[in-house]
1. Name, by its number, the condition in (1) buried (at least 21 other Cβ atoms within 10 Å of the Cβ); (2) within 30 Å of A:Arg175 (Cβ to Cβ) that does not hold for A:Phe244.
2. Limited to the stretch B:147-161, what total is found for residues that are at pLDDT 90 or above, closer than 20 Å to B:Arg75 by Cβ and hydrophobic (A, V, I, L, M, F, W, C)?
3. Looking at A:Arg232, A:Arg237, which one is of a type in the set (Lys, Arg) and either touching a strand residue (DSSP E or B) at 6+ places or on another chain (Cβ under 7 Å) or assigned to a loop (DSSP other than H, G, I, E, B) (or both)?
4. Would the stretch B:143-160 turn up any residue that is more than 25 Å from B:Asp63 (Cβ to Cβ), more than 16 Å from the chain's Cα centre (by Cα) and not in a loop (DSSP other than H, G, I, E, B)?
5. Quick one: how many residues across the stretch A:150-187 are hydroxyl-bearing (Ser, Thr, Tyr) and either surrounded by fewer than 19 Cβ atoms within 10 Å (Cβ to Cβ) or modelled with pLDDT of 75 or more (or both)?
6. Give the residue, chosen from A:Pro293, A:Pro300, that is in a loop (DSSP other than H, G, I, E, B), modelled with pLDDT under 75, under 24 Å from the mean Cα position of the chain (by Cα) and over 27 Å from A:Met33 (Cβ atoms).
7. Return yes or no: is B:Ser88 out of contact with any helix residue (DSSP H, G or I) (no Cβ under 8 Å at 6 or more places or on another chain), surrounded by 13 or more Cβ atoms within 10 Å (Cβ to Cβ) and modelled with pLDDT under 80?
8. Using the structure shown, decide if B:Ile114 is part of a helix (DSSP H, G or I), modelled with pLDDT under 80 and facing chain A (nearest Cβ under 9 Å).
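The values are calculated or read from the model by the stated rules, or taken from the named source; none is laboratory data. Since the model is a prediction, treat every value here as computed from it, not as a measurement. Virtual Cβ from ideal backbone geometry, glycine too; neighbours counted across all protein chains shown.
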Amino acid sequence: MSNSISRLAVISDEQASHLVSAAAHADLAESIMAADYAGRPGRQPARTGWRAMRRRWMIGVPAVAALAAAALVATSLGSPGDKLGPVSIGPAKAQAALVFTRHGHYIDVIVRNPLADPRRYRAEFRAHHLDVTLKLVPASPSIVGTVVYFGGTGTSAIKVITAKERCITGGGGSRCPVGLRVPVNFRGQADLVFGRAARPGERYESTTTATAPGEALHGLTIRGLTVRAAVRLIGQRHVTVPVFHVTSASGLGAIWPASKVPGNWYVYDADPWAPGQVMLWVGRSRVPHQPQPSPGTPVPSPAPASAR
Amino acid sequence: MRYPKQVAGDQRRRQFEEMYSANCAAILGYALRRTDRSDDAADVVAETFLTAWRRLDDVPGEDGTRLWLYGVARRVLANQRRGERRRSELGDRMRAELSAVHLDREYTGRSKEIATAFRSLSDPDRELLTLVGWEGLDHGQIAAALGCSRNAVRIRLHRARARFASAMNHYSGRPVPTIAHVNGNAGD
């Protein structure tokens with residue numbers, strides 16, 4: 001009976017999750033928390049700033065991995081199959097999409113090949129009796145190959161492995177989430193999303209700030225410029241602005257096409273949108289109505305990084 | 001005195017963030033399976049989680065969270081169907097992304113017969129059958145989502161299945177083969 005009904009279910013949760021970007025989820029969660037605080041009078045939620053929140057959601061994982069884990073990552077990334085303590089148990093190491101490293105009661109999982117067929121990842125997780133669904137979403141260049149989202153049920157036992165200086169995360173930190181440390185006896189279900197390179201014209205689903213090293217606007221200062229000036233400056237890099245994120249007086253945002261945005265409005269920030277394209281965060285006032293971009297906002301490093 | 005409040009606020013946000021990230025795909029899927037326009041699903045997700053944020057202390061933990069959220073989403077959808085659409089500013093970006101998605105609700109052959117019979121049922125019947133068939137919930141979970149007893153779910157589901165079988169007979173001239181399982185576990 002219910003089997004007949006299920007024939008009508010044209011869309012699964014997994015398919016649904018592909019339809020909305022991590023950034024859109026971040027945007028919604030953040031506006032909900034900003035819009036209403038359960039009617040408790042006289043106080044506001046501890047805001048971390050819209051920018052910081054948004055980034056936290058894009059990465060979706062707390063950057064709390066121990067230093068030991070980071071060191072281990074360096075080892076497993078550097079010399080597969082050549083480890084003293086941990087034993088690499090991934091199949092055909094040189095070809096593996098994932099590298100599984102047994103470490104006591106934990107298995108560390110690192111994505112070696114962010115361009116492999118998703119079926120390969122699933123098969124490799126299954127081979128290790130882990131109920132982990134791995135998806136790859138188009139990500140802006142500097143966070144390709146990193147963890148952009150991590151969720152599921154019973155996943156509090158899973159730790160995120162970070163590599164220092166590997167990327168500037170959406171949260172503005174330099175500890176880049178590159179893998180997971182999963183307890184051997186993990187019985188929950190985890191959804192893991194990694195960033196992959198976008199194809200030409202394909203929209204990014206996960207981004208860090210557009211001025212981070214490796215991103216389209218690295219080295220440019222556009223915050224505080226008028227829309228007109230910023231678009232001109234960005235255009236010199238052959239980068240275009242197809243859409244704008246307009247922050248209203250209430251602090252909520254909306255996506256506007258370029259044609260609707262007055263040139264004398266101000267630029268608050270920029271997000272990568274697609275290869276060669278960015279989205280500008282703009283508004284009528286010189287500074288956004290909501291809390292200012294947080295102090296932890298990454299500043300471009302003086303040394304220009306290569307685009308890849 | 002400020003410090004503990006700050007901590008409570010942070011704690012609250014963290015709790016919400018965890019709940020949101022663990023359940024957003026499920027609630028979006030729930031909404032997309034039940035709306036005709038994909039961008040309406042963004043409103044359902046926004047309203048559902050806004051309710052959850054306002055009533056965070058009432059949200060049950062563990063497995064109960066998702067069931068509670070299904071219950072809220074069901075009421076939001078019912079309001080939407082009654083025309084009480086609240087196009088909040090929340091979730092604009094999600095709405096923009098979803099507006100590009102076309103939900104194909106055109107069925108052919110056997111699926112068309114099922115769809116026709118299914119659409120002829122009442123909203124409560126459809127909700128029961130789909131919580132089993134689409135969300136894969138069992139009787140206890142449905143009881144939690146709908147806020148009624150397990151026994152009530154069993155009886156209502158039995159009746160809904162009988163009505164669906166009868167509708168199938170009507171629209172296709174063929175009985176539903178699995179009707180024999182009406183007393184079986186949900187999800188048969």
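1. (2)
2. Qualifying residue count, the stretch B:147-161: 4.
3. Among A:Arg232, A:Arg237, only A:Arg237 is of a type in the set (Lys, Arg) and either touching a strand residue (DSSP E or B) at 6+ places or on another chain (Cβ under 7 Å) or assigned to a loop (DSSP other than H, G, I, E, B) (or both).
4. yes
5. Counting residues in the stretch A:150-187 that are hydroxyl-bearing (Ser, Thr, Tyr) and either surrounded by fewer than 19 Cβ atoms within 10 Å (Cβ to Cβ) or modelled with pLDDT of 75 or more (or both) gives 4.
6. Details: A:Pro293 fails: over 27 Å from A:Met33 (Cβ atoms).
Every option except A:Pro300 fails the conditions.
7. no
8. Against the criterion (part of a helix (DSSP H, G or I), modelled with pLDDT under 80 and facing chain A (nearest Cβ under 9 Å)), B:Ile114 does not qualify.
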